[in-house]
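To start, the structure under review is shown below, and the notes come after it.
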Amino acid sequence: MHTFTLAELAKKLRAKEFSVTELTRALLARVEASQPRLNAFITVTAESALAQAKAADRALADGKAGPLTGLPLAHKDIFCTSGVKTSCGSKMLDNFVSPYDATVVEKLNAAGMVTLGKTNMDEFAMGSSNETSWYGPVKNPWNPKLVPGGSSGGSAAAVAARVAPIATATDTGGSIRQPASLCGVTGIKPTYGRVSRFGMIAFASSLDQGGLISITAEDAAMVLGAMAGFDTRDSTSVDTPVPNYVAELDKPLTGLKIGLIKEFFDTGLDADVEKCIREALGVYEKLGATLVEVKLPALPLSVPTYYVVAPAECSSNLARFDGVRYGYRCQDPKDLMDLYKRSRGEGFGAEVKRRIMTGTYVLSAGYYDAYYLKAQRVRQLINQDFKRAFGEVDVLMGPTAPDVAFEIGAKSSDPIQMYLNDIYTIGANLAGVPAMSIPCGFVRDLPVGLQICGPHFAEAKLFNVAHAFQKETDWHRRLPADFAKEVLS
Amino acid sequence: MSLNRDQINSIAHLARLSLTDAEVPVYQDSLSKIVDLVGQLDAAQTAGIEPMAHPLPGLAQRLRPDTVTEKDQHELFQRNAPQVEAALYLVPKVIE
């Protein structure tokens, strides 16, 4: 039952082919068996999962079930879960038991979904390989020597290995799409403001957005419908109705205008990955879409723009971790300054400290205009590029990542090399537009992701465009050989 | 551009981060590279361009009625605190 999509599981549960409890037990066994190989989870919530499963079975028997009742998921450990450790992949929060649920968690609990556990991630979502986690790196299910991408590497690996059929994730500069690409699964970063961030631990507040990693676009459409929406507890939440994403999945693509982002094909793209992307674009032509090349001239500046804006915001957001109210505190502080400095110095890992210091530097007196204000102006140029492009085409396409998954350790000593992994994903965060990554083939036996990007609040269009591709291809149904059998040895 | 030891120590102080002696040259190296990377922005023509703070144009800060909406849960919240006494968070002595 591990290979079924969420949509298939929903049907089978209703047909009583198996119960939610049986499904949950089978997946919990897979979680446990996969853990030594993948390290995809930080916390497994077996007991509460079985209680939720029991309640879901009862709801199904009583005819009180909703469309998501009994469907299992995992939450990225950045979402606060009441009474459960919420670590954000950091030693700083290793002892933190959240006193409340994130809105996303609350909504999906209310929808009757079953939470299997909390997935591993780069520390405070800062990383593109999952190597910065205090809990150790996540391994790529396609090859355990390779990274799964990051920061939502645990969510991507769990779905790719069919340990969980869907998982929540977050994306500040590519943290949903890049691991989805490297693990061969579907990922969506919705529009900025679409999903409530209440209880989602903040990294860079003008960029962060919660989303999903799933097997199919259809599955993500089902869950995003329940997850998105206005929340008074998040001041950046947008009060716009949530459309029925599932209803629009099967619209024909005839007449769809796809813009190919010229800058994404110019430099740095692996030749085999490019070939794979071009073949996927051919599928869209067959489906009745037309391809045109579009230019987004400011987009090549998205990496430097991001590495001013994101660290600046992170240095401010992470100031809350002071060793006083929650989180790690150093031993025997000699005074308050020592308490702050050592709690933070010992509690944060190397990459988080690097970003906090970068942010502190670019915001410091005398540098603010040269760096932060300049980056905000370039961000506007990038935003205008996207706006102009969406005046000409319905969606933009290109690669999600410049290459397939790389080896653990290969880029961890050079932050700039690591940052360049997100060269194609950061633009969508800067402009706040929704973007997806879907599996579109393999290069050197490793998955490749196609990125699809739309105008603000065009999630329904993205799901429609992705679903059409997934009806024509089966890349998204491939699973790594090591995880093919239902019972993992 | 290359940042020196003193600059790194000063940034770390502003950020309230203790660094070990071994960490200083590591951050000197990587922060210098990051500053070079973001230096690419200098070439962009941005005269007259409005800085963009976030992606939602026209979003005004929402206000709510000034009424109490939270209940007192300090005991629950303070369970996560490193040191609490009489419902107060304890820190090293600040005032002599």
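The values are calculated or read from the model by the stated rules, or taken from the named source; none is laboratory data. Values in this document were obtained by computation on a predicted structure and should not be read as measured data. Backbone-built Cβ (ideal geometry, glycine too); neighbour counts: all protein chains shown.
Worth a mention:
- Within the range A:394-410, tally of residues that are within 17 Å of A:Phe264 (Cα to Cα) and crowded, with 21+ Cβ neighbours inside 10 Å: 8
- Long-range neighbours under 9 Å by Cβ, at least six apart or interchain, first residue closer than 15 Å to B:Ala81 by Cβ and more than 7 Å from every other protein chain (Cβ to nearest Cβ) within the range A:329-353, second in a helix (DSSP H, G or I) and of a type in the set (Lys, Arg): A:Cys330/A:Lys341; A:Cys330/A:Arg342; A:Cys330/A:Arg344; A:Gly347/A:Lys91
- Only one of the listed residues (A:Ser437, A:Ser412) is polar (S, T, N, Q), more than 10 Å from chain B (Cβ to nearest Cβ) and outside any strand (DSSP E or B). That residue is A:Ser412.
- Test: A:Phe463 is away from chain B (no Cβ under 14 Å), in a helix (DSSP H, G or I) and either under 19 Å from A:Ala271 (Cα atoms) or among the aromatic types (Phe, Trp, Tyr) (or both): yes
- Of the helices (runs of 4 or more DSSP H) lying entirely inside the range A:19-116, the ones with 2 or more residues being modelled with pLDDT of 95 or more and in contact with a Lys or Arg (Cβ under 7 Å, 6 or more places away or on another chain) are found at A:20-38.
- Top-ranked residue of the range B:54-78 - restricted to ones that are in a loop (DSSP other than H, G, I, E, B) and surrounded by 13 or more Cβ atoms within 10 Å (Cβ to Cβ), ranked as nearest to the other protein chains (Cβ to nearest Cβ): B:Pro55
- Among the candidates A:Glu263, A:Glu279, residue that is free of Cβ contacts under 8 Å to residues at least 60 places away in the same chain and either assigned to a loop (DSSP other than H, G, I, E, B) or more than 11 Å from chain B (Cβ to nearest Cβ) (or both): A:Glu263
- Test: B:Leu3 is farther than 30 Å from A:Ser237 by Cβ and within 7 Å of another protein chain (Cβ to nearest Cβ): no
- So A:Asp322, is it of a type in the set (D, E, K, R) and more than 26 Å from A:Ser98 (Cα to Cα): no
- Scanning the range A:207-218 for residues that are in contact with a Lys or Arg (Cβ under 9 Å, 6 or more places away or on another chain) and assigned to a loop (DSSP other than H, G, I, E, B), we see that the one that is nearest to A:Ala156 (Cα to Cα) is A:Ile215.
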